[in-house]
Each structure stands twice: as structure tokens, then as C-alpha cells.
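Worksheet: one structure, shown below.
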Amino acid sequence: MRSGADFLPDSFVKQLKAALGSQSEYLLSAMDEEAPVSIRLNPSKLPPNQPDKRVVWEPLGRYLSERPVFTLDPHFHAGAYYVQEASSMILGEVWRRLPHSEDPEKILDLCAAPGGKSTHIASLKKSDDLLVSNEVIRSRLSILEENMTKWGAENVVITHNDPSEFQPLKEFFDFIFVDAPCSGEGLFRRDSDAISEWSEDQVAFCSARQNRILEDIWPSLKVGGHLIYSTCTYNTQENEDVIKGALSQ
Ligand code: SAM
């Protein structure tokens, strides 16, 4: 049987095997499979017919049996659901496990485009909580704006700033989400460009950028607030090492 080891970069496979041992085989063969299609429903616009196969960790997550042409579906354009990988929906479980105040909270989604996490937070937050959805890359702003507008949430502000530009907002946010730009190993299954663009240098570059992003945004987190860091990569340099670096400071 073919596995990811046959078409993925050698150094990636080596690092995965070092991290996961014999379990790496499961991940490598899954990388050669078709990705399941899943959507997250908008609780304010539930469509009349909902698929019944549920995502275990997200009450509004559903699997579809095949990939439809979403752009032919009026409910897609109305923001009745967001097409999102089930694994990304774990954010809801994280949110539910964190302590929340009854008073309005301030939330920053620092790396927000195209809006998967921001639409999810918009459904989870209280209506008087403030959500700032930020995207630094100008060309990605319009898709973020479009998705947030279609989703239709109250008290959402879209900003276009570099993380360092938030520094005047000292100890301002109760929650900061950093879904960091990364080397994209999690995209290998559905995007062959992600495979050809991956390199160890790219991992090192991304890791340095992630450290910088956390350093820049940390002063804007309230004392006792929470910073939620995620990437779609498996390697330790872009995950555990970045968190260790932040904690050591
Ligand atoms: N959170 C988004 C979602 O769920 O739909 C996906 C975010 S994507 C993994 C990372 C985002 O970080 C991209 O939109 C990218 O443009 C942005 N980005 C790139 N360089 C950045 C930087 N130096 N600082 C902050 N964000 C950056």
C-alpha cells in the first residue's frame, strides 16, 4: 500500500517518525487519503435540511458524504454554514473549557483570514463581547470581510494591522487567538503545492516569525487572560518550541 512516505519530503518523514515512532505510519497513510468534507453550521441561520453525520467534538459540525459545488448553494452564500476541516473545529471545545466572565469580554483573532476561527468565535461569544478580527495581508482582507459579513455577528471589528501595531493596547484583551502562519504540513493531504513549498529552511523561517508574533502581541493580553496558539503543522519547532519560548519569557 502507498503511504505518505512515498511522496512527502524525506526530512519531513524523518522528523515525523522521530516524533511519533511506529504511530507515524497511521498518519503517513492517512495523508494519502481523500480528506473528509465537513461544515460548521451557523446557529443563527440553521438551514432546513442538515446533514446528520456529526463531528464528535463540535455540536454544530457535520460531515458531508461528498463534496458538493458549494457555490451553487444559496445557503452557502447566505452564511448558513462555513466549510471547515473538522480538526479546526476543536476551537469550540477549547473555548468552552476556558473560564469566562458574565461581563463583556474582549477577544482578538490576530491571524484571522479567511475567517474560519473568527466565524466560530463569533458564534461562541456573548453578543456584547467584542471580537477584533485582524489580518495583516491586505489581499486576504476582502475574503475575511465577506465571510464575517455573510456570517452576520454583532460587535465584530475587522482590522488590518501588523501584530506589533497592537502594542498601544496594553493588557487589553481577555483572549487572543494566534492561528499562526506556518509551513503548512497540515495541508499536504489536499494541496500538492504545500508539499513542494515545504523545506527545513521554511520551517525555521516560520518558527522565527511565530516567535516574533507572540512577542509582539503578548503585551496586549490582560493579566489572567488566555492566549490560544495553533498551527496546522506537526513539527516541534513551530509548536512546542514556540510555546516554550513564550513561557520562558
Ligand atoms: N485563522 C484563519 C482561519 O481559521 O480561517 C487561518 C489563518 S492562516 C493559518 C494564518 C494567517 O496569518 C494568514 O491569513 C496570513 O495572511 C496571516 N499572516 C501572515 N503573516 C503574518 C504575520 N507576520 N503576522 C500575523 N499574521 C500573519
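The values are calculated or read from the model by the stated rules, or taken from the named source; none is laboratory data. None of these values were measured; they are calculated from a predicted model. Reconstructed Cβ throughout: ideal geometry from the backbone, glycine too, with neighbour counts over all protein chains shown. Accessible surface is based on the protein model in full, side chains and every heavy atom, while ligands, DNA and RNA are left aside. Shrake-Rupley method; radii C 1.70, N 1.55, O 1.52, S 1.80 Å.
Odds and ends about this structure:
- Scope the stretch 35-74; condition in contact (Cβ under 8 Å) with a residue 60 or more places away in the chain and open to solvent by 90 Å² or more (accessible area, probe 1.4 Å); matching residues: 44
- The set of residues in the stretch 145-165 being of a type in the set (S, T, N, Q), within 14 Å of the ligand (Cβ to nearest atom) and within 19 Å of residue 39 (Cα to Cα) consists of 147 alone.
- Contact annotation: residue pairs with Cβ atoms under 6 Å, 6 or more positions apart or on different chains, pairing a residue in the stretch 211-231 that is without any contact (Cβ under 8 Å) to a residue 60 or more places away in the chain and more than 11 Å from residue 173 (Cβ to Cβ) with a partner that is in a helix (DSSP H, G or I) and of a type in the set (Val, Ile, Thr), are 211/242.
- If the condition is being away from the ligand (no atom under 12 Å from the Cβ), hydrophobic (A, V, I, L, M, F, W, C), open to solvent by less than 10 Å² (accessible area, probe 1.4 Å) and touching a residue at least 60 places away in the same chain (Cβ under 8 Å), then the stretch 78-129 contributes only 107.
- Residue match in the stretch 25-35 (condition: of a type in the set (A, V, I, L, M) and under 25 Å from residue 152 (Cβ atoms)): no
- Selection within the stretch 168-222 - within 14 Å of the ligand (Cβ to nearest atom), open to solvent by less than 60 Å² (accessible area, probe 1.4 Å) and polar (S, T, N, Q): 183, 207, 210, 211, 220
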